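As structure tokens, the structure follows; a few thoughts come after it.
The values are calculated or read from the model by the stated rules, or taken from the named source; none is laboratory data. It should be emphasised that the depicted structure is a prediction, and the values quoted were computed from it without experimental measurement. Because the Cβ atoms are built from the backbone with ideal geometry, glycine has one as well, and the counts that use them run over all protein chains shown.
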Amino acid sequence: MQGFKEDFYLNFIKDDRWRYIADGLGTTFSVTFFAAVFGIFLGFLIALVRSTVDKGGSKSVFLKVLDGICKVYLTVIRGTPAMIQLLIMYYIVFSSPNVSKQVVAILTFGLNSAAYVAEIFRSGIMSIDQGQFEAGRSLGFSYAQTMLYIITPQAFKNVLPALANEFITLLKETSICGYIALTDITHGANTIRSQTYEPYLPLLGAALIYLIIVCVLTAGVSRLERRLRTDAR
């Protein structure tokens, strides 16, 4: 029976197998970052549309139709597994073999994250006291200006910890990238396992990497929450 050193050498050192994990780590960070940026941007726009209609800030028929489309989008995205969305995006929407798998992953996770970010932003906007809207109007601001200069900054501050937690969730969700043969941390570990027939160290190593990243991010979120509470006093 091999010892730990022999197993470690076989799984990570021999044939530079550690590169599978290293390359996967870069892919995981890249997909997570760009998907988060895309998700925050799209989610914020959806939240503006929905909160505007909810607050009666516009009587536009077009905006109400857009709100209906947003509701359908949120229902579909939040009601279906991210893995199914990834497979549909790769095999149906982008059925070309030349498509970049990383772009597919970024779009899929970005669209998925946007649905949750939209509700986070909407709850933040709806939590702002109605008096803030009235104060903006009394200063001569239009509804759009009131949202931009008064409501949005306050709402963003309130939901910042929730957005950070959504980023952590998004990071872990990218572990399904292997279903489209994109080498993330999980897929890299599974590749090592398939070569060495030793599942313990590669899979436990991948789990440990995720755990360390999540612990660091969680500590950052906790520190951010404490700072926001201190600033609010």
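Scanning region 179-201 for residues that are surrounded by fewer than 19 Cβ atoms within 10 Å (Cβ to Cβ), within 21 Å of the chain's Cα centre (by Cα) and in a helix (DSSP H, G or I) turns up just one, 179.
Hey, which of the helices (runs of 4 or more DSSP H) in region 1-87, taking only ones fully inside, have at least 2 residues that are among the hydroxyl-bearing types (Ser, Thr, Tyr), farther than 22 Å from residue 177 by Cα and at pLDDT 95 or above?
On the way: elements: 4-8, 18-54, 61-79.
Once the helices (runs of 4 or more DSSP H) in region 1-87 are filtered for at least 2 residues that are among the hydroxyl-bearing types (Ser, Thr, Tyr), farther than 22 Å from residue 177 by Cα and at pLDDT 95 or above, what remains is 61-79.
Pairing residues of region 7-25 that are more than 14 Å from residue 175 (Cα to Cα) with residues that are part of a loop (DSSP other than H, G, I, E, B) and not polar (S, T, N, Q), at Cβ distances under 7 Å and at least 6 apart in sequence or on separate chains, gives 7/198; 10/198; 11/17; 11/198.
Scanning region 88-111 for residues that are of a type outside the set (D, E, K, R) and touching a helix residue (DSSP H, G or I) at 6+ places or on another chain (Cβ under 6 Å) returns 89, 90, 94, 104, 105, 106, 108, 109, 110.
Considering region 123-157, the residues that are without any contact (Cβ under 8 Å) to a residue 12 or more places away in the chain and among the aliphatic types (A, V, I, L, M) include one that is farthest from residue 52 (Cα to Cα), namely 139. Note down all Cβ pairs under 8 Å where the first residue falls in region 207-231 and is of a type in the set (Asp, Glu), the second is surrounded by 13 or more Cβ atoms within 10 Å (Cβ to Cβ) and assigned to a helix (DSSP H, G or I), and they're at least six residues apart or on different chains. Within 8 Å, the pairs are 225/161.
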